[in-house]
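Undergrad: Mind having a look at this structure? Questions to follow.
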Amino acid sequence: MNATELARQAYAPSTASIRTPRSIEAQLISEITGRLSQRDAPYAQIVSAIHDNRQMWTALAVDVADDENALPKELRASIFYLAEFTEFHSQKFLRGEADVSALIDVNTSIIRGLRASGGMS
């Protein structure tokens, strides 16, 4: 490899993006929401997406319940409430009493909030 090629590689833009915790959260929520949105998917796949969504929201609830969490108290309370709502609505879906649209709406709102606050890179 010659000096010109070495210089080109050294100063070329990196293809790896720097990921923030918010961008990682937004990507995870987007992926799960996409799976929830596949209305023609087999029931087992929707149930799997519901399970993953519940796990994600449980993890978020545990995180915001921690006194060390730096988010404002009101935001932490709102996220905790949404986690409870997600659990309740997921159970209704699994009993055949509701569809997934409310879960999709909640996740979509969170994604928008993460993007608005610079959460996507």
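Undergrad: Estimate the FRET efficiency between Asn69 and Ser48 by the formula 1/(1 + (r/R0)^6), using the beta-carbon distance for r and 35 Å for R0, to the nearest 0.05.
TA: Numbers: r = 29 Å, r/R0 = 0.82.
With R0 = 35 Å, the Cβ-Cβ based efficiency is 0.75.
Undergrad: Moving on to the next point. Where does segment 22-105 land on Rg(C-alpha)/(2.2 N^0.38 Å)? Write out the running numbers ahead of the final one.
TA: On the way: Rg = 13.4 Å, N = 84, 2.2 N^0.38 = 11.8 Å.
Compactness ratio reported: 1.13.
Undergrad: Whole-Hz Karplus ³J(HN,Hα) for segment 25-37, in order, using 6.51 cos²θ - 1.76 cosθ + 1.60 and θ = phi - 60°, x for Gly and Pro?
TA: Whole-Hz 3J(HN,Hα) from phi for segment 25-37: 4, 4, 5, 4, 5, 4, 5, 5, 4, x, 5, 5, 7.
Undergrad: On a C-alpha basis, how far is the centre of segment 36-59 from the centre of segment 65-121 in Å? Whole number, if you could?
TA: Each part's Cα centre sits 14 Å from the other's.
Any read-out appearing in this document is the output of simple, stated calculations on the displayed coordinates, not a laboratory observation. Because the structure is predicted, anything quoted here is derived from the model rather than measured. For neighbour counting, all protein chains shown are included, and Cβ atoms are generated from backbone atoms with ideal geometry for every residue, glycine included.
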